[in-house]
Amino acid sequence: MLLHVKVVPCSRRFGIRKKGDVWEADLAEPPEKNRANAELVRQLEKITGRRVRILRGATGKKKVLEIEGNEQEIRRILSDAEKP
């Protein structure tokens, strides 16, 4: 499944939420030395229990991620993990 994510680095803590057609992820790590990307991948793998990799946008705020598995199941898992 492909997931379009806009990241907000240097937030207080990790969080993910849906905004329109795009998911927005708050990252605690700064965008230096790939730390924010590593946090994004690590947290999404922890939440979904699936392998996650960045396909596009490794150096920008808008990213396209690939998450292995059934699209409907992953969307349900992410929706359950949303923080208000």
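Check region 73-84 and report whether any residue there is of a type in the set (Lys, Arg), buried (at least 16 other Cβ atoms within 10 Å of the Cβ) and assigned to a loop (DSSP other than H, G, I, E, B). No - not one qualifying residue is present in region 73-84.
Within region 44-56, can you find the residues that are in a strand (DSSP E or B) and in contact with a Lys or Arg (Cβ under 9 Å, 6 or more places away or on another chain)? Those that are in a strand (DSSP E or B) and in contact with a Lys or Arg (Cβ under 9 Å, 6 or more places away or on another chain): Val52, Ile54, Leu55, Arg56.
Among the residues making up region 35-84, those that are closer than 20 Å to Cys10 by Cα, modelled with pLDDT under 95 and among the charged types (D, E, K, R) are Glu82, Lys83.
Among the residues of region 2-42, those identified as within 14 Å of Glu66 (Cα to Cα), surrounded by 17 or more Cβ atoms within 10 Å (Cβ to Cβ) and not β-branched (Val, Ile, Thr) are Leu3, Trp23, Asn37, Leu40.
The values are calculated or read from the model by the stated rules, or taken from the named source; none is laboratory data. A quick note: this is a predicted structure, and the numbers were derived from the prediction, not measured. In this analysis, Cβ positions are derived from the backbone assuming ideal geometry, glycine residues included, and neighbour counts consider all displayed protein chains.
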